[in-house]
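Below: one structure, written as structure tokens.
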Amino acid sequence: MTRFVVLAASVAALGGLLFGYDTGVISGAILFVAKGFALSTATQEFVVSVVLIGCVLGAAGAGWLADRYGRKRTLLCAGVVFGLGALGSAFAPNVELLVAARFVVGIAIGISSVVSPLYISEVAPARYRGGLVSLYQFAITIGILGAFLVDYAFSASGAWRPMLGLALVPSVALVVGMLVMPESPRYLFKIGRRERASAELGRIYGDAESARVEETTIEAGLQLKEAGFEAFRLPDFRWALFIGVALAVLQQVTGINTVIYYGPHIFTMAGYGTAGAAILATAAVGVVNVVMTLVAIFFSDGLGRKPLLYIGCAGMAVALLSLAGAFAFSGTGAGLGPIALVSLMLYVGCFAFSLGPIVWVLIAEIYPLRSRGLGMSVATLANWGANFVVSQFFLTMVEKFGASATFSIYAVLCIVTLVFVARFVPETKRQSLERIRVRA
Ligand code: BGC
């Protein structure tokens, strides 16, 4: 693999870094935004959740944009929108404009969450594709941790504007970086720009023979006659869509963002006395999230996607059951803190090498080339929709059913995911994108 491919994947992964940063940063910033603008609870909730509405819209349009204008231009456009959103948020004179700016940020997140993994999967040589797309998830986790640290650093002064505005830095890096990165050769073949496509393949592979083999495979893949919304009528596409949407939803309904968005809250329920201690425990979980993603980067191509999903889902279920048990048997909260910390570390650690990266890897792989943008858009849209529902209702669920029952429900859904993977998900490691056939 050439350095050039790693560079292209890393630049596109900046979209993931912004995804992680912008979804994570608001949890700390909102405390000070609420004070600054004297916001009601309902308005605060809206400032937080409007991003997810933007994400849904961005993801819905992203596939069409990527198929029509290309992967590179769409990512460039996402970078510009990220930057405008960051500036708008940092300088918003009132809450209305802040809401508007956060909505714009959401659109950029939605677009990049479709197009970054799509682009990486298309420039990556088959035998490194799992690791390179996992790089995108790695960037998400770094963004989340970075957001947390930035929030922490500015929390003493309560300066929320720089918290939100700092996203400008990776936005500019994304735009500048994408300007010099190549367009996806698969996209170029698709629109008939064969010469440029061959040249890009040469740069990617570094040797003419491998580039030529890849070219033949891509061209063969293009013989398939499907495109546009007609794809929805094809049984194979629909089956791939079923698998992609189910995986995207399962990634969310197994509860990851209850920990990412409400970490300090969970630790407080588990008996952590001070906000500082709860925040620190959440940071530790954030570090585990980053570090364990490396496992997917290094093993998703050798060991394969499915074994990582099996081990990860089983580990997540065990961790959630231990957390549920601890909440059930420890009425006072005493002794619960350490069990909660270990369980949540195990849970997030297992997610970090399985459902986190591998879902993005798979939903970028399983669709036929002509409808890949569309397929990814629909699956990612479902991911954001499920994220919205789970994070909106988490606190209500804890209130209604209790923490123990809530975490048990997520544990059961981890087992459901494991069974789903065993029954329906194809192993895609080391196969050229065109060879991956998902048949109804
Ligand atoms: C998920 C996000 C989540 C993040 C946590 C991603 O794969 O899509 O919803 O916040 O992982 O690391």
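The values are calculated or read from the model by the stated rules, or taken from the named source; none is laboratory data. For clarity, every value in this text was computed on a predicted model and none was experimentally measured. Cβ placement follows ideal geometry from the backbone for every residue including glycine, while neighbour counts extend to all protein chains displayed. For the accessible areas, the whole protein counts, side chains as well, though only heavy atoms, and no ligand, DNA or RNA atoms are used. Shrake-Rupley method; radii C 1.70, N 1.55, O 1.52, S 1.80 Å.
Taking a point 7 Å from the Cα of PHE229 along the Cα-to-Cβ direction, the residues of segment 334-375 with backbone N closer than 15 Å to it are 374-375. Charge tally for GLY70 (other residues, Cβ to Cβ under 10 Å; Lys, Arg +1; Asp, Glu -1): +4. Each residue of segment 16-33 was assigned a 3J(HN,Hα) from its phi angle through the Karplus expression (A = 6.51, B = -1.76, C = 1.60, θ = phi - 60°), giving x, 4, 5, 4, x, 5, 6, 7, x, 5, 5, 4, x, 5, 4, 4, 7, 4 Hz with x at Gly and Pro.
Were the residues from VAL180 through ALA159 laid out at 0.36 nm apart, the gain over their Cα-Cα distance would be 4.1 nm. Using the Cβ-Cβ distance between GLN392 and LEU294 with R0 = 35 Å, the FRET efficiency computed as 1/(1 + (r/R0)^6) comes to roughly 0.65.
Please give the net charge around GLU427, taking every other residue with its beta carbon less than 11 angstrom from that of GLU427, where Lys and Arg add +1 and Asp and Glu add -1.
+3
Hey, could you grab the Kirkwood Rh for the chain? Inverse mean 1/r over distinct alpha carbon pairs, Å, one decimal. Kirkwood radius, the chain: 21.9 Å. Helix 403-424 axis versus longest C-alpha principal axis of the chain: approximately 10°, rounded to the nearest ten. The Kirkwood hydrodynamic radius of segment 293-337, based on inverse pair distances between different Cα atoms, is 12.5 Å. With both labels modelled 7 Å from their Cα along Cα-to-Cβ, the THR217 to TYR69 distance reads 3.1 nm.
Quick one: if the Förster radius is 51 Å, what FRET efficiency do LEU31 and ARG203 give, using the C-beta to C-beta distance and rounding to 0.05? Using R0 = 51 Å, I get an efficiency of 0.60.
Largest accessible area first, the residues ILE218, ILE191 order themselves as ILE191, ILE218 under a 1.4 Å probe with ligands, DNA and RNA left out.
Our helix-only sum for the chain, with -39,500 (n - 2.57) per DSSP H run of n ≥ 4 divided by its residues, gives a mean residue ellipticity at 222 nm of -27500 deg cm²/dmol.
Just to confirm the number: angle between the C-alpha axis of helix 275-299 and the first principal axis of the chain, 0 to 90 degrees, nearest 10? Once rounded, the angle reads 20 degrees.
On full extension, the segment bounded by ARG423 and ARG437 gains 3.5 nm, given 0.36 nm per residue less the C-alpha separation. With a simple spin-label model that places each label point 7 Å from the Cα along the Cα-to-Cβ direction, the separation between TYR152 and ALA405 comes to 3.5 nm.
The separation of segment 167-234 from segment 240-261, counted between C-alpha centres, amounts to 28 Å. Across all C-alpha atoms in segment 170-284, the radius of gyration and Dmax reach 23.1, 64 Å. Expressed as an acute angle from 0 to 90° and rounded to the nearest 10, what is the orientation of the C-alpha long axis of helix 305-329 relative to the principal long axis of the chain? Approximately 10 degrees, to the nearest 10. Spread over its residues, the convex hull of the C-alpha atoms of segment 309-440 is 109 Å³ per residue.
Once the Cβ-Cβ distance between ILE415 and TRP239 is put in as r, and R0 is 22 Å, what FRET efficiency do you end up with, to the nearest 0.05?
Here the calculated transfer efficiency is 0.40.
For the set VAL378, VAL419, the ranking by accessible area, highest first and with no ligand, DNA or RNA atoms included, is VAL419, VAL378 under a 1.4 Å probe. Couplings 3J(HN,Hα) of segment 83-88, computed from phi: x, 4, x, 5, 5, x Hz, in residue order, whole Hz [Karplus 6.51 cos²θ - 1.76 cosθ + 1.60, θ = phi - 60°; x for Gly and Pro]. A straight chain from VAL80 to ALA42 at 0.36 nm per residue would run longer than the Cα-Cα distance by 10.7 nm. Each 5 Å bin from 0 upward holds the following percent of the Cα-Cα pairs of segment 237-288: 5, 20, 20, 15, 11, 9, 8, 7, 4, 2, 0. Three semi-axes describe the equivalent ellipsoid of segment 201-347; taken as square roots of 5 times the Cα gyration tensor eigenvalues and ordered largest first, they are 44, 20, 13 Å. Taking all protein chains as they are arranged and a probe of 1.4 Å, the heavy atoms of LYS400 leave approximately 150 Å² accessible to solvent. For the chain, a Gaussian network of Cα nodes joined below 10 Å ranks SER116, SER134, SER49 by mean-square fluctuation, and the top entry is SER49. Ligands, DNA and RNA aside, THR216 has an accessible area near 80 Å² when probed at 1.4 Å.
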